[in-house]
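Written below as structure tokens is the structure these notes are about.
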Amino acid sequence: MAKPRLLTGLQPSGDLHIGNYFGALKPFVDTYEKYDSFLMVVDYHALTSLKSPDELRKNTIEAVRTYLAVGVDPNKAVIFKQSDVPAHTELAWIFDCLVTVPFLMQAHAYKDKVAKGLEANAGLFTYPMLMAADILLYDAEAVPVGEDQRQHIEYAREAAAKFNKAFTEVFKAPKELILKATGVVPGTDGKKMSKSYGNTIPLFGSREEIQKAVMSIVTDSSAGIPENVYAMHKLLKSEAELAPLYEANKGSYKALKDALVEDLDAFIAPMREKRESISDAEVASVLADGAEKAREVSEAKMEAVRKAVGVR
Ligand code: ADP
Ligand code: TRP
């Protein structure tokens, strides 16, 4: 039996941290082979806020590198760029003609972004319909996203229903796949690790960067155990493995931090090296392959759409 289809969109934004790894990347890497997986870098979505061609190009390449470095095998998933497949923007237009302005106005992500001061451009406003097109072109059943994207999947279901009702039954209803993460990864200050709090351990950090971040961990302690150091250590080793180390170094924060640096570096180094070994040419070749496969699937769907609406 064919595997169910999975599709997800990656925002091409740089500078990931180990919270992103344990919260999003690792659960994805652990799951994608169970599906017929499509991984797309959403460069046209990024254009809603990013107006720097060099940065967009660079971030797109970096996003692909990241996924390859953390263990996605390009022979087992279709990795492609949204802008390489014209059907996405074409179908988004058709959905724009089916949904109403008040309906789009209810999107939390749009309201949040505008509240944060982002320009309310029309692309940002119709963002959910481009995302609906991304998903529906591939008959994706499973769409791995973070909690914050749940409403966008509802919008995709709604777009599918509106289209099927107005024309003919062309689209399948997608479902969000909220992957089970290790829980919230704490940052160097004990709060949720987040790029906006400046409390991160960079995912591909050099040993010096790891060292600097670990030394800045706030050492509130209970019974001689620095809680924030321990919480981070637990991501890498079991409690049974850590018990003798923390017992032997009770109250000795420097030694425990040194041990954490060692373990973090051992964990990050292979991914860091893998990432550095991936050339721009390799990324380009992965994307060219991916574009071809993605076009094949999406064009067949798009032909059915064109017939259904009457432009064919
Ligand atoms: P940030 O808070 O650094 O801006 P994002 O909001 O861009 O991170 O998160 C991208 C993905 O990484 C989300 O799917 C989220 O679930 C995951 N993630 C981010 N920070 C953490 C964390 N501290 N613990 C677990 N998962 C996280
Ligand atoms: N909006 C998603 C985010 O910000 C990215 C995205 C675009 C996406 N198209 C998608 C996710 C299709 C899943 C499927 O994270």
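The values are calculated or read from the model by the stated rules, or taken from the named source; none is laboratory data. Note that the structure is predicted; figures quoted are calculated from it, not measured. Here Cβ is always computed from backbone atoms with ideal geometry, including for glycine, and neighbour counts include all displayed protein chains.
Looking at Ala308, Ala284, Ala266 in this structure, which one is surrounded by 12 or more Cβ atoms within 10 Å (Cβ to Cβ) and farther than 19 Å from Thr89 by Cβ?
Just one listed residue meets the conditions, Ala284.
Given the conditions (1) in contact (Cβ under 8 Å) with a residue 40 or more places away in the chain; (2) over 18 Å from the mean Cα position of the chain (by Cα); (3) not assigned by TED's automatic domain parsing to the domain that holds Val297, which single one is not true for Glu158?
The single condition Glu158 does not satisfy is (3).
Mind listing whichever residues of the stretch 132-156 are touching a strand residue (DSSP E or B) at 6+ places or on another chain (Cβ under 7 Å) and farther than 20 Å from Gly23 by Cβ?
Those that are touching a strand residue (DSSP E or B) at 6+ places or on another chain (Cβ under 7 Å) and farther than 20 Å from Gly23 by Cβ: Asp134, Ile135, Tyr138, Asp139, Ala140, Glu141.
For the stretch 55-77, does any single residue satisfy the condition of being within 12 Å of ligand 2 (Cβ to nearest atom) and farther than 30 Å from Gly190 by Cα?
So far as the stretch 55-77 goes, no, none of its residues is within 12 Å of ligand 2 (Cβ to nearest atom) and farther than 30 Å from Gly190 by Cα.
Please tell me if Ser37 is within 25 Å of Glu154 (Cβ to Cβ) and modelled with pLDDT under 95.
no
Return only the number of the condition from (1) in contact with a Phe, Trp or Tyr (Cβ under 6 Å, 6 or more places away or on another chain); (2) within 12 Å of ligand 1 (Cβ to nearest atom) that Gly183 does not satisfy.
For Gly183, the exception is condition (1).
Which of the residues that make up the stretch 9-21 are touching a Ser or Thr at 6+ places or on another chain (Cβ under 9 Å), more than 6 Å from ligand 1 (Cβ to nearest atom) and assigned to a helix (DSSP H, G or I)?
The answer is Ile18, and nothing else.
Can you tell me how many residues in the stretch 1-11 are within 16 Å of ligand 2 (Cβ to nearest atom) and either among the hydrophobic types (A, V, I, L, M, F, W, C) or over 30 Å from Asn228 (Cα atoms) (or both)?
In the first step, residues of the stretch 1-11 are kept if they are within 16 Å of ligand 2 (Cβ to nearest atom); the result is 4-11.
Remaining after also requiring either among the hydrophobic types (A, V, I, L, M, F, W, C) or over 30 Å from Asn228 (Cα atoms) (or both): 4-10.
The qualifying residues number 7.
Can you name every residue in the stretch 194-208 that is at pLDDT 95 or above and either in contact with a helix residue (DSSP H, G or I) (Cβ under 7 Å, 6 or more places away or on another chain) or surrounded by 15 or more Cβ atoms within 10 Å (Cβ to Cβ) (or both)?
Across the stretch 194-208, the qualifying residues are Asn199, Thr200, Ile201, Pro202, Leu203, Phe204, Gly205, Arg207.
Here are some conditions: (1) more than 30 Å from Ala304 (Cβ to Cβ); (2) in contact (Cβ under 8 Å) with a residue 24 or more places away in the chain; (3) of a type in the set (A, V, I, L, M). Val170 meets all but one. Which one does it not meet?
(1)
State the number of residues belonging to the stretch 131-151 that are within 7 Å of ligand 2 (Cβ to nearest atom) and either of a type in the set (S, T, N, Q) or part of a helix (DSSP H, G or I) (or both).
Total satisfying the criteria: 4.
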